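Student: Pasting a structure here, questions to come.
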Amino acid sequence: MTVETTQMPQTTKAPRPPLIQRLRNNDMWWSFTHSKAAMAAAFILALLILTAIFAPIITVQNPYDGAQLDMWKAELPPIWQEGGEWPYLLGTDTQGRDMLSAILYGTRISIIIGVASVALSLLIGMSTGLLAGYFGGFVDNLLMRIGDITLSIPTILVAILVATVVRQMLPAELREIGAAAVLVLAISLSAWVQYARTVRAQVIVERRKEYVQAAHLIKVPALRIMAWHILPNTLTPVLVAATLNFGMAILTEATLSFLGIGMPPGQPSLGSLIRIGNQFLFSGAWWIVVFPVAQLCLLVVAVNLLGDWLRDALNPKLR
């Protein structure tokens, strides 16, 4: 007697669609490709960042190296005006510094300070919000009252106060070397409250859910619950806030540098260049201030447009 054996049909795993098809099916990508403002802002921001990164290759001189400056070429107008000279496309300043070189190097400093200050304020704000929202009670009241005190003082005044105090605490020989670090600390200590409040509100909602209660039952440490279970569910609004605050951090750095408590003249950021050029605005050398202002506006507007798109893309109710 023979027994017929039937073989179960083998299920073959469907091939994964190619990357282009996955991108087309992604809501974020669809929203991005159908927003002309977001695409234009991304292109401009990418162009500004790339030119800042490759500034040593693009530019004709290192504006931070005094040996490369030529006082005989001071205050040359842009190349399309009478008196302009090659290769100084955007002219030179009063020290013979090529304006295009100074702008690209200054943009790099402004972007680095903006990214670092947002990262530090994110770290402070998210940690504070997690602790306040998770433990509640006295810890919540204490941390949020500190945040209220910080918010009661204008942001720029907090940044000025921190920058001035920290600068005076440093030895004289380290003040110029540590100018960027002082700016990052000053901007971060004035911008962490928004992240803390956003994370705290999300944590208060998440800590009451079943998965957090289950983690408590199996004796998962509180730090692990906050870092691995609750924190990932709070990142969406924080990401939007960080994108928008990146532009604000760049503006704050420019304001501090314009007031003379930011980057030193030997290592100018966009704010320092605007401060230097503002002295010659009515002397006919308009390009010394106009081009750095235009670069700063392009950078901040591109970041803000991307932040607005990201906010709408992550919240369908706002579309």
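Student: Which of (1) modelled with pLDDT of 90 or more; (2) open to solvent by 40 Å² or more (accessible area, probe 1.4 Å); (3) within 16 Å of A249 (Cα to Cα) does V118 not meet, given it meets every other one?
Tutor: (2)
Student: Still on this structure, please answer the following. Kindly indicate whether G96 is part of a loop (DSSP other than H, G, I, E, B), in contact with a helix residue (DSSP H, G or I) (Cβ under 9 Å, 6 or more places away or on another chain) and free of Cβ contacts under 8 Å to residues at least 60 places away in the same chain.
Tutor: In short, yes.
Student: Would you point out the residue of the range 255-291, among those that are part of a helix (DSSP H, G or I) and at pLDDT below 80, that is most open to solvent (accessible area, probe 1.4 Å)?
Tutor: Of the range 255-291, the ones part of a helix (DSSP H, G or I) are 255-258, 270-278, 281-283, 287-291.
If we keep only those that are at pLDDT below 80 as well, we get 281-283.
On the way: L281: 62, F282: 195, S283: 76 Å².
Per the criteria, the residue is F282.
Student: Follow-up question, since we're still on this one. Looking only at the range 209-254, filter to residues that are surrounded by fewer than 18 Cβ atoms within 10 Å (Cβ to Cβ) and of a type in the set (S, T, Y); which one of those is farthest from W192 (Cα to Cα)?
Tutor: Among those that are surrounded by fewer than 18 Cβ atoms within 10 Å (Cβ to Cβ) and of a type in the set (S, T, Y), it is Y211.
Student: Looking at (1) more than 21 Å from L256 (Cβ to Cβ); (2) in contact (Cβ under 8 Å) with a residue 60 or more places away in the chain; (3) not basic (K, R), find the lone condition where V60 falls short.
Tutor: The single condition V60 does not satisfy is (2).
Student: Out of everything in the range 47-77 that is out of contact with any helix residue (DSSP H, G or I) (no Cβ under 9 Å at 6 or more places or on another chain) and of a type in the set (G, A, S), what residue ends up being most open to solvent (accessible area, probe 1.4 Å)?
Tutor: A67
Student: Among the listed residues V158, V165, which satisfies the condition of being buried (at least 18 other Cβ atoms within 10 Å of the Cβ) and without any contact (Cβ under 8 Å) to a residue 40 or more places away in the chain?
Tutor: Working: V165 fails: buried (at least 18 other Cβ atoms within 10 Å of the Cβ).
That would be V158, the only listed residue that is buried (at least 18 other Cβ atoms within 10 Å of the Cβ) and without any contact (Cβ under 8 Å) to a residue 40 or more places away in the chain.
The values are calculated or read from the model by the stated rules, or taken from the named source; none is laboratory data. All values reported here derive from a predicted model rather than from experimental measurement. In this analysis, Cβ positions are derived from the backbone assuming ideal geometry, glycine residues included, and neighbour counts consider all displayed protein chains. Accessible surface is based on the protein model in full, side chains and every heavy atom, while ligands, DNA and RNA are left aside. Shrake-Rupley method; radii C 1.70, N 1.55, O 1.52, S 1.80 Å.
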